[in-house]
There are 2 protein chains.
Amino acid sequence: MTCTLDDLAGSGPQPDQDARTRVLETAYRLFYRQGLRATGIDRIIAESGVAKMSFYRHFPSKQALIDACLDLRHARWMAWLEGRLGGLSAPRDWLAALPDALDDWFRSPGFRGCAFINGHAEAGPDAPAMTVTHKRELAARIEQQCAEAGLARPGDVAADLLLAIEGAIVRAQMEGADAACGALHRVFARTLSDAGGKQ
Amino acid sequence: MTCTLDDLAGSGPQPDQDARTRVLETAYRLFYRQGLRATGIDRIIAESGVAKMSFYRHFPSKQALIDACLDLRHARWMAWLEGRLGGLSAPRDWLAALPDALDDWFRSPGFRGCAFINGHAEAGPDAPAMTVTHKRELAARIEQQCAEAGLARPGDVAADLLLAIEGAIVRAQMEGADAACGALHRVFARTLSDAGGKQ
DNA sequence: CTTGAACAAGACAGGTCTGTCTGTCAACAT
DNA sequence: ATGTTGACAGACAGACCTGTCTTGTTCAAG
């Protein structure tokens with residue numbers, strides 16, 4: 001599965017898609033843009049051009065639709081990241097290129113932070129499990145690359161890098177990409193340099 | 001103004017307080033615990049033991065109450081931080097002790113992340129101005145300490161530290177304090193060491 | 001041709017949301 | 001004594017929310 005930044009943002013519902021896909025694509029955009037609670041079922045139904053019963057045939061509840069959207073978001077985001085860094089076979093290069101990839105994402109139109117951070121912030125401890133699962137899978141992927149790069153204490157290095165990533169996402173959301181990317185690059189370089197990766 | 005972690009969490013409405021204070025204290029707790037949109041006016045009114053008209057006499061709208069709560073949160077959080085680090089007159093010590101202070105906060109009962117990050121995540125670009133103002137004032141305070149400590153490029157150092165702080169808050173919210181604090185301490189030590197502060 | 005599945009359109013129920021309004025009461029100042 | 005002020009209690013309006021149900025249409029497989 002390949003995924004561009006446009007795919008990540010979502011193309012919106014297409015008339016030739018079936019009802020379930022139109023609902024999912026519409027919700028995917030609205031939930032991210034407006035928030036989970038602020039987006040009502042009626043609006044999703046109206047914008048996707050679907051009957052209410054068609055919606056409830058495919059999704060038993062709003063919560064099920066939210067879960068499906070977060071699953072899709074996770075799959076697309078990870079696919080985007082892998083595609084964006086796909087040409088880099090050396091783990092050290094992969095890690096060093098992460099800030100540039102995030103920089104692209106921060107500057108993409110419609111960027112509004114991390115859907116999982118936002119969802120967790122909104123729903124609190126009762127947030128869908130995917131909000132934390134996504135972060136764990138990202139952390140595992142980064143730790144894998146740290147280990148393959150031969151860095152000492154790959155778990156600690158991955159935790160440090162993930163800390164910087166989360167911070168950069170929040171900074172970019174609140175103050176813009178420029179305010180986040182300088183610090184992100186510096187913290188990454190310092191962390192990797194300290195861990196033995198090339199500068 | 002002094003502020004303990006209990007004060008930061010909010011003591012709830014006391015019967016001897018006037019109506020406005022009871023509303024504000026109730027909303028202060030509920031907005032942080034449940035989120036802005038998930039907390040209805042009716043619930044705030046019921047828990048504060050106030051008439052609806054008394055509420056609307058003191059606050060023209062729910063949005064005005066939200067703004068007042070964020071103002072109060074900002075004042076209390078900054079006062080807590082200054083009090084927590086008050087004994088440290090040397091700027092380098094002040095900066096080095098920041099992760100321990102945040103650690104205490106992450107482990108305090110009822111911790112649910114940063115009210116300003118959460119509010120911004122929920123409301124998006126239309127979020128109250130205080131959500132970004134709070135972060136700017138914190139960044140300015142950190143930069144001031146960096147400058148007084150004689151660090152090179154105090155603005156960059158402050159940006160790096162703030163990035164780590166935001167990341168740690170999010171990590172602590174989603175995975176708990178243990179998952180955040182190790183990385184926070186390491187990134188802080190590395191950043192300060194690189195900037196010329198004592199180890 | 002018949003049957004059944006998917007779908008569109010929309011009424012409906014029951015609840016919640018914000019915000020307005022009417023009364024009643026107690027404290028207090030003139 | 002009397003008017004003012006603040007507060008409590010609760011009805012009410014109008015909108016929005018989720019979820020159910022009915023009716024009619026399209027279309028394809030048997």
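Read the figures in this text as sums done on the coordinates, not as results from a lab. All of these numbers come straight from a predicted model, not from anything done at the bench. Counting neighbours? That spans all protein chains shown, and the Cβs are built from the backbone with ideal geometry, glycine included.
Just a few scattered comments:
- Average other protein chain Cβ within 10 Å of Cβ, residues B:136-144: 1
- Label distances, nm, A:P15 versus same residue in remaining copies, Cβ-directed 7 Å point: 6.7
- Simple label model, 7 Å out from Cα along Cβ direction - B:D71 to A:D18, nm: 5.5 nm
- For chain A, the dipole from Cβ point charges (+1 on Lys and Arg, -1 on Asp and Glu) about the Cα centre works out to 360 debye, to the nearest 20.
- Calculated from backbone phi, Karplus (6.51, -1.76, 1.60) coupling profile of region B:154-168 in Hz, x at Gly/Pro: x, x, 5, 4, 4, 4, 5, 5, 5, 4, 5, 5, 4, x, 5
- Shape call, region A:83-153: gyration tensor on alpha carbons, a/c limit 1.5: oblate
- Here A:R43 yields copy-to-copy label distances, from shortest upward, of 2.0 nm, the label point defined as 7 Å from Cα along Cα to C-beta.
- Tensor-based shape of the protein assembly as shown (alpha-carbon gyration tensor, a/c under 1.5 rounded, otherwise prolate or oblate): oblate
- Prolate/oblate/rounded call for region B:1-62, Cα gyration tensor, a/c under 1.5 rounded: oblate
- Sorted shortest first, the separations between the A:R107 label point and its copies elsewhere in the assembly read 4.2 nm; each point sits 7 Å from Cα along the Cα-to-Cβ line.
- Positive-end residue of B:I44, B:L138, A:T21, charge dipole of the protein assembly as shown with Cβ unit charges: B:I44
- Kirkwood Rh in Å, taken over region B:11-97 so that all alpha-carbon pairs contribute: 14.3 Å
- The distance between label points at B:H58 and A:S61 comes to 3.6 nm (points 7 Å beyond Cα on the Cα→Cβ vector).
- Phi angles across region A:112-126 convert, under the Karplus curve 6.51 cos²θ - 1.76 cosθ + 1.60 with θ = phi - 60°, into 3J(HN,Hα) values of 9, x, 8, 4, 7, 4, 4, x, 5, 4, 7, 8, x, x, 8 Hz, Gly and Pro given as x.
- Potential lengthening of the chain between A:S108 and A:M78 amounts to 9.2 nm, from the contour at 0.36 nm per residue minus the alpha-carbon distance.
- Evaluated at q = 0.11, 0.14, 0.15, 0.24 Å⁻¹: base-10 log I(q)/I(0), Debye formula over Cα of region A:87-199: -0.36, -0.58, -0.67, -1.34
- Remark: spin-label model distance B:A101-A:D126 equals 3.4 nm, labels positioned 7 Å along the Cα→Cβ axis.
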